[in-house]
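Presented below is the structure to which this report refers.
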Amino acid sequence: MNPNELNPNPPRVNDDSPWGPIEYVERWADGVYRVQTVSHGGCWISPARAAEMPAWTRKIKAYAPKPQWWEEDCEVLIVLHLFADEMWKTFDESTRECWVRLIKSIYNINLGIEVTK
């Protein structure tokens, strides 16, 4: 992955996404944006954030074009996990622990991918 080849511009309403035209955009953290279309959504990460993604994330079967798009049903959990310190400042410790258990359950147990940070 060469981050210089990725789109540096955050998504905006009416831009294209892997799920169709974007109807809603929400900034979750620096370089991390949630997008929603009429039927689906996910999140977009900047080239700098894509460069921060650990090697194990490249083993995941893609439901959205990597490394910038992460589908909302399962893949977005990875982004939430990796950038939790910035995005979940208002969450208490037990909530964070619950997310980590869920993420590890999905990826470690069900997919055989070791989740680390």
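The values are calculated or read from the model by the stated rules, or taken from the named source; none is laboratory data. All of these numbers come straight from a predicted model, not from anything done at the bench. Don't worry about glycine lacking a Cβ; one is built from the backbone with ideal geometry, like all the others, and counts go over all protein chains shown.
Being over 23 Å from Ser105 (Cα atoms) and of a type in the set (Asp, Glu) narrows it down to one residue among Glu26, Glu71; which is it? That would be Glu26, the only listed residue that is over 23 Å from Ser105 (Cα atoms) and of a type in the set (Asp, Glu).
The criterion of at least 3 residues that are at pLDDT below 75, surrounded by 13 or more Cβ atoms within 10 Å (Cβ to Cβ) and over 14 Å from the mean Cα position of the chain (by Cα) is met by the following helices (runs of 4 or more DSSP H) wholly inside the stretch 60-117: 93-104. Residues of the stretch 6-22 that are free of Cβ contacts under 8 Å to residues at least 24 places away in the same chain and exposed (fewer than 15 other Cβ atoms within 10 Å of the Cβ): Asn9, Arg12, Val13, Asn14, Asp15, Asp16, Gly20, Pro21. Restricting attention to the stretch 27-56, the residues being assigned to a loop (DSSP other than H, G, I, E, B), in contact (Cβ under 8 Å) with a residue 24 or more places away in the chain and in contact with a strand residue (DSSP E or B) (Cβ under 9 Å, 6 or more places away or on another chain) number 3. Every condition in (1) closer than 15 Å to Leu82 by Cβ; (2) surrounded by 17 or more Cβ atoms within 10 Å (Cβ to Cβ) is met by Val25 except one, and the failing one is (1).
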